[in-house]
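Quick notes on the structure that follows.
Rule-based calculations on the coordinates, nothing more; no lab input. Keep in mind it's a predicted model, so treat the numbers as computed, not measured. So basically every Cβ, Gly included, is an ideal-geometry build from the backbone, and we count neighbours across all protein chains shown.
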Amino acid sequence: MRVSYIAHVSGKVQGVYFRASSQQVAIDNHLSGYAKNLDGGEVEVLMCGDEENVEKMLSWLEKGPEQAEVEHVDKKQVKWQEHHFFSIS
């Protein structure tokens, strides 16, 4: 089943290659969507794809890349969104 989830990741997640690492994990799991920095220091990640692969990425977001210090991940399922690739901004 195809699903879309949006997550807000807080902690030390900006300036530590979180978005670029998220993009690689998404590509590895055949997901589309995006990762972007938010003004409050969080990273917002939208993941769209097969439920099993989205779950893998949600699990990865709990720890992030080596340099990150993830404190909290607020995630929720949203209406399906069609994206053709995973972008970072």
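Please give the strands (runs of 3 or more DSSP E) falling wholly within the chain in which 2 or more residues are among the small types (Gly, Ala, Ser). Before the answer, list the steps.
Values: elements: 2-12, 32-37, 43-50, 69-78, 86-88.
Per the criteria, 2-12, 32-37.
Among the residues of the range 1-25, the ones that are over 17 Å from GLU69 (Cβ atoms), touching a residue at least 60 places away in the same chain (Cβ under 8 Å), surrounded by 20 or more Cβ atoms within 10 Å (Cβ to Cβ) and not polar (S, T, N, Q) come to 1 in all.
Across the range 64-85, what is the total count of residues that are among the β-branched types (Val, Ile, Thr) and closer than 17 Å to VAL3 by Cα? Lay out the reasoning, then the answer.
Residues of the range 64-85 that are among the β-branched types (Val, Ile, Thr), as a first pass: 70, 73, 78.
With closer than 17 Å to VAL3 by Cα added as a condition, the list becomes 78.
Total meeting the criteria: 1.
Counting the residues of the range 10-27 that are closer than 23 Å to GLU52 by Cβ and among the small types (Gly, Ala, Ser) gives 3.
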